[in-house]
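Written out below as structure tokens is the structure these notes cover.
Read the figures in this text as sums done on the coordinates, not as results from a lab. All figures in this text were calculated on a predicted structure; none of them were measured in a lab. With ideal geometry, Cβ positions are generated from the backbone for all residues, glycine too; neighbour counts draw on all protein chains shown.
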Amino acid sequence: ADERAWQRGLRPKPCLLSVHPSLQMLVADKLQIEWSPEQIAGWLKAEYRDDRTMRVSHETIYKSLFIQARGVLKKELTHHLRSRRIMRRAKRASTIGQPRGQIIDAISIRERPAEVEDRAVPGHWEGDLLSGGKNTHIATLVERQSRFVLLVRVDGKDSESVVKALVRQVRRLPQGLMASLTWDRGMELAYHKRFSVATDVEVYFCDP
């Protein structure tokens with residue numbers, strides 16, 4: 001049981017639709033006639049009650065549509081969704097009052113190499129800034145393949161302080177251990193070009 005639990009926990013896991021061509025084709029056909037992912041998941045559950053291999057959740061369908069690195073479902077099928085959105089957002093998502101999306105020359109996360117998405121190659125990191133009490137801040141750096149985490153203390157949440165601390169930390173790493181860094185739209189990395197010049201690490205940003 002312990003061995004099975006560890007096997008189930010291994011990442012990355014193959015996308016269900018990528019290893020089940022008949023199910024993939026069935027889902028694509030239903031999307032083509034403008035069924036929603038929720039309708040498809042419900043229909044499959046009713047139609048294939050005795051065959052769990054022919055079931056898929058609506059979340060898996062959405063992920064297969066919007067995470068294009070997997071290449072499981074054609075991008076054109078998103079136009080058949082009723083919302084007609086090219087990106088998926090939470091119903092209550094809002095950026096009102098948030099100083100985001102103002103980063104100059106930010107490279108979109110959509111331009112990251114495919115090897116970053118599937119965690120096949122080490123050296124690709126994701127970062128974020130955590131704020132605590134009494135104006136204290138820590139930057140987190142997580143290596144995507146190994147899940148190794150670095151905590152970097154920074155003097156402030158302004159971009160100059162954050163970039164200075166990150167450069168100092170990255171320079172301590174062995175040569176080539178960090179090839180890319182993905183960050184959200186927080187203005188604490190507005191000086192991303194300085195970081196890239198100092199470390200030779202490409203920086204990608206989440207879409208607003």
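Just a few scattered comments:
- Three-way shape label, region 108-149, alpha-carbon gyration tensor, a/c 1.5: oblate
- Within region 130-208, the trypsin sites (Lys or Arg not before Pro) that combine a DSSP coil assignment with at most 13 other C-beta atoms in a 10 angstrom radius are 147, 171, 172.
- Cleavage-rule hits, chymotrypsin sites (Phe, Trp or Tyr not before Pro), region 148-208, DSSP coil, Cβ neighbours within 10 Å at most 15: 148
- Peptides ranked, highest mean first, by Cβ atoms within 10 Å: ranges 108-116, 121-129: 121-129, 108-116
- Length released on extending from residue 131 to residue 155, taking residue separation times 0.36 nm less the Cα-Cα span: 7.5 nm
- Translational diffusion of region 109-205 was estimated from the Stokes-Einstein equation, with Rh taken as the Kirkwood radius over Cα pairs; at 20 °C and 1.002 mPa s the coefficient is 159 µm²/s.
- Between region 159-191 and region 38-66, the alpha-carbon center distance in angstrom: 40
- Amide hydrogen neighbours beyond the local backbone of residue 107, cut-off 5 Å, H modeled: 205
- Extension gain (nm, one decimal) between residue 118 and residue 46, 0.36 nm per residue minus Cα-Cα: 22.7 nm
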